[in-house]
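Q: Sharing a structure below in structure tokens format, with a few things to ask.
The values are calculated or read from the model by the stated rules, or taken from the named source; none is laboratory data. Model, not experiment: these values are computed from the prediction. Using ideal geometry, Cβ is built from the backbone for each residue, glycine included, and neighbour counts are taken over all protein chains shown.
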Ligand SMILES: C[S@@+](CC[C@H](N)C(=O)[O-])C[C@H]1O[C@@H](n2cnc3c(N)ncnc32)[C@H](O)[C@@H]1O
């Protein structure tokens, strides 16, 4: 096959196929060229030699053989606190910062009991929403970063002491920890800075009275028979609008108007949540890494029905699923969800008697939740202006580079991060100059959280932090070990580190990293003495 030097590709296809392809692509506002380029990219990305530039977590590439044998095999020796809490290993001036970092990690790995649950990249981790999609109430909104309910249940079974104790999740997301805790009879408190996550968590824990259930049934019937409605106005954000074909955006806005029709607050919340789940389904883009990517496969617009009817039917299906789940899972004590940052000491002022805490902070991998959920945040009216976006970013933990934070929590810094990691990174070519600052801020924030929560915990209470390690400038940022050390500094005991799976933070970084054992997702379990 002659390839030629130009960028032109000419192929002959059956005319019927061509007509159908053009028609479907037009419905999704996509040109043949865009579609082809996306397909080509997907194809090429599946080839083993491809190097990704953007940071991604948990790519299911098969690197198991490379990794196995590197990850610690079993629980290591008992933790010795005499080693000197935050001391980094000093090997003389001639030794590079990188070698000192690795030696420090090795020392910490000896100090903490490390259990390898699995070193398989495809292992279902605690942060895996696949199970939630099959569970009543949990399945109401797909939050990829959410916990698996079974993981939460197992943690609470192992660590919860008494039903009267509080179960805390300081980065509660869509409330998996609190929902599970509440269904087994615990008092639960959850914090999140995202107004959308907070809304979803609250809505998933709604209990309707008998009268409200009847009104909800009636509302569902009404919507199912509606043939059209005046559309709600679109958000003031051109980027968000550009992610939809005009006729489907209009259909979505008609359904949004229906979602806020009920005069019952609980029904309105349920309907708004059902609407939120439609946003990605009917968008021309899907979530991918730290943002969105144009879809190449569509599940909508493939049959000749009016866009409104198609969106409405999907909405009704979601409402019916919710109706069924309301009967199936009863909420015990309604969890106490608080919209706000867990990094503020005052947030915990009225919380005492924490018997167990479980959380997963955003990983230090540059992912920005306001980008990943941008469409839902704006279409759901959680963000109405740039100021709302700024407030969210300013309140969030310093895990990405899309904001400039004023210096805060300087008293909780990690010596290892400041003296070794940032020192090494200052000479490296990084894709963003802000990364060292972000890492420094991330661990100061986690240190502040540990200090905030400790006085509120009961003696002997355990706190599980599920984290993903990252890699920058060819060196691992072993978040699990670094948090273990921060916890020791804050006066906790490190019970163990459970390694759940290997992850590939970015294949480019992964390839140049010498020791791959620290590219992993794990849970650090610490205990208040
Ligand atoms: C990995 S998600 C947690 C998911 C959760 N485990 C679940 O099952 O839904 C991390 C959450 O932390 C939130 N977050 C970021 N900074 C925060 C802060 N300073 N205080 C409270 N929550 C924060 C994010 O909005 C995000 O929802």
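Q: Evaluate the following for residue 480: is it out of contact with any strand residue (DSSP E or B) (no Cβ under 7 Å at 6 or more places or on another chain) and closer than 24 Å to residue 413 by Cα?
A: Numbers: out of contact with any strand residue (DSSP E or B) (no Cβ under 7 Å at 6 or more places or on another chain): no; closer than 24 Å to residue 413 by Cα: yes.
For residue 480, the condition - out of contact with any strand residue (DSSP E or B) (no Cβ under 7 Å at 6 or more places or on another chain) and closer than 24 Å to residue 413 by Cα - is not met.
Q: Among (1) over 30 Å from residue 243 (Cβ atoms); (2) buried (at least 20 other Cβ atoms within 10 Å of the Cβ), where does residue 369 come up short?
A: With respect to (1) over 30 Å from residue 243 (Cβ atoms); (2) buried (at least 20 other Cβ atoms within 10 Å of the Cβ), residue 369 is out only on (1).
Q: If you go through segment 444-455 one residue at a time, do you hit one that is part of a strand (DSSP E or B) and buried (at least 24 other Cβ atoms within 10 Å of the Cβ)?
A: Filtering segment 444-455 down to residues part of a strand (DSSP E or B) leaves none.
Looking through segment 444-455, none of the residues is part of a strand (DSSP E or B) and buried (at least 24 other Cβ atoms within 10 Å of the Cβ).
Q: Let me confirm something: among 177, 203, 207, which residue is closer than 18 Å to residue 269 by Cβ and crowded, with 23+ Cβ neighbours inside 10 Å? Give the derivation first.
A: Details: 177 fails: closer than 18 Å to residue 269 by Cβ; 207 fails: crowded, with 23+ Cβ neighbours inside 10 Å.
Going through 177, 203, 207 in turn, just one is closer than 18 Å to residue 269 by Cβ and crowded, with 23+ Cβ neighbours inside 10 Å: 203.
Q: From the list 485, 509, pick out the single residue that is surrounded by 24 or more Cβ atoms within 10 Å (Cβ to Cβ) and either touching a helix residue (DSSP H, G or I) at 6+ places or on another chain (Cβ under 7 Å) or in contact (Cβ under 8 Å) with a residue 12 or more places away in the chain (or both).
A: 485
Q: Could you tell me which numbered condition residue 367 fails, if it satisfies all but one of (1) in contact (Cβ under 8 Å) with a residue 12 or more places away in the chain; (2) out of contact with any strand residue (DSSP E or B) (no Cβ under 7 Å at 6 or more places or on another chain); (3) more than 12 Å from the ligand (Cβ to nearest atom); (4) not in a helix (DSSP H, G or I)?
A: (3)
Q: Turning to a different aspect of this structure: When you look at residue 504, is it at pLDDT below 95, in contact with a helix residue (DSSP H, G or I) (Cβ under 7 Å, 6 or more places away or on another chain) and over 18 Å from residue 101 (Cα atoms), yes or no? Give the derivation first.
A: Values: at pLDDT below 95: yes; in contact with a helix residue (DSSP H, G or I) (Cβ under 7 Å, 6 or more places away or on another chain): yes; over 18 Å from residue 101 (Cα atoms): yes.
When the stated conditions are applied, residue 504 passes them.
Q: Let me ask you something else. Among 150, 157, which is the only one that is more than 12 Å from the ligand (Cβ to nearest atom), under 19 Å from residue 332 (Cβ atoms) and without any contact (Cβ under 8 Å) to a residue 12 or more places away in the chain?
A: Working: 150 fails: without any contact (Cβ under 8 Å) to a residue 12 or more places away in the chain.
So the residue among 150, 157 that is more than 12 Å from the ligand (Cβ to nearest atom), under 19 Å from residue 332 (Cβ atoms) and without any contact (Cβ under 8 Å) to a residue 12 or more places away in the chain is 157.
Q: Another one. Can you tell me which of 420, 389, 358, 377 is outside any loop (DSSP other than H, G, I, E, B), touching a strand residue (DSSP E or B) at 6+ places or on another chain (Cβ under 9 Å) and within 16 Å of the ligand (Cβ to nearest atom)?
A: Details: 420 fails: within 16 Å of the ligand (Cβ to nearest atom); 389 fails: touching a strand residue (DSSP E or B) at 6+ places or on another chain (Cβ under 9 Å); 377 fails: touching a strand residue (DSSP E or B) at 6+ places or on another chain (Cβ under 9 Å).
After applying the criteria, what remains is 358.
Q: Of the residues in segment 489-529, how many are part of a helix (DSSP H, G or I) and either within 25 Å of residue 429 (Cα to Cα) or in contact with a strand residue (DSSP E or B) (Cβ under 6 Å, 6 or more places away or on another chain) (or both)?
A: Going residue by residue through segment 489-529, those that are part of a helix (DSSP H, G or I) are 489, 507-512, 516-518.
This time we only want the ones that are either within 25 Å of residue 429 (Cα to Cα) or in contact with a strand residue (DSSP E or B) (Cβ under 6 Å, 6 or more places away or on another chain) (or both), so: 507-512, 516-518.
So the answer is 9.
Q: Please work out if residue 223 is away from the ligand (no atom under 11 Å from the Cβ) and assigned to a strand (DSSP E or B).
A: On the way: away from the ligand (no atom under 11 Å from the Cβ): yes; assigned to a strand (DSSP E or B): no.
Judged against the criteria, residue 223 is not a match.
Q: Here is a list: 401, 397. Which entry is more than 13 Å from the ligand (Cβ to nearest atom), within 19 Å of the chain's Cα centre (by Cα) and either outside any helix (DSSP H, G or I) or free of Cβ contacts under 8 Å to residues at least 60 places away in the same chain (or both)? Outline the logic, then answer.
A: Working: 397 fails: more than 13 Å from the ligand (Cβ to nearest atom).
Unique residue meeting the criteria: 401.
Q: Moving to a separate point now. Return only the number of the condition from (1) closer than 24 Å to residue 465 by Cα; (2) touching a residue at least 40 places away in the same chain (Cβ under 8 Å); (3) more than 16 Å from the ligand (Cβ to nearest atom) that residue 350 does not satisfy.
A: (2)
Q: For the list (1) away from the ligand (no atom under 16 Å from the Cβ); (2) out of contact with any strand residue (DSSP E or B) (no Cβ under 6 Å at 6 or more places or on another chain); (3) farther than 29 Å from residue 211 by Cα, I need the number of the one condition that residue 326 fails.
A: The single condition residue 326 does not satisfy is (3).
Q: Another question, if that's okay. What residue, among those in segment 336-351 that are part of a loop (DSSP other than H, G, I, E, B) and out of contact with any helix residue (DSSP H, G or I) (no Cβ under 6 Å at 6 or more places or on another chain), is surrounded by the most Cβ atoms within 10 Å (Cβ to Cβ)?
A: As a first pass, look at segment 336-351 and keep what is part of a loop (DSSP other than H, G, I, E, B): 340-344, 349-351.
If we keep only those that are out of contact with any helix residue (DSSP H, G or I) (no Cβ under 6 Å at 6 or more places or on another chain) as well, we get 344, 349-350.
Values: 344: 15, 349: 10, 350: 9.
Only one residue fits best here, namely 344.
So that you can scan it fast, the table gives a plain yes or no per residue for (1) at pLDDT below 95; (2) more than 12 Å from the ligand (Cβ to nearest atom):
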site: 82; (1), (2): yes, yes
site: 87; (1), (2): yes, yes
site: 117; (1), (2): yes, yes
site: 132; (1), (2): yes, no
site: 139; (1), (2): no, yes
site: 165; (1), (2): yes, yes
site: 173; (1), (2): no, no
site: 178; (1), (2): no, no
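Q: Go through 161, 150 for me and flag whichever is under 20 Å from the mean Cα position of the chain (by Cα) and modelled with pLDDT under 95. Write out each step before concluding.
A: On the way: 161 fails: under 20 Å from the mean Cα position of the chain (by Cα).
Only one candidate qualifies: 150.
Q: Hey, can you tell me all the residues within segment 353-410 that are at positive phi and at pLDDT below 95? Break it down stepwise before answering.
A: As a first pass, look at segment 353-410 and keep what is at positive phi: 353, 366, 381, 409.
Within segment 353-410, 353, 366, 409 meet the criteria.
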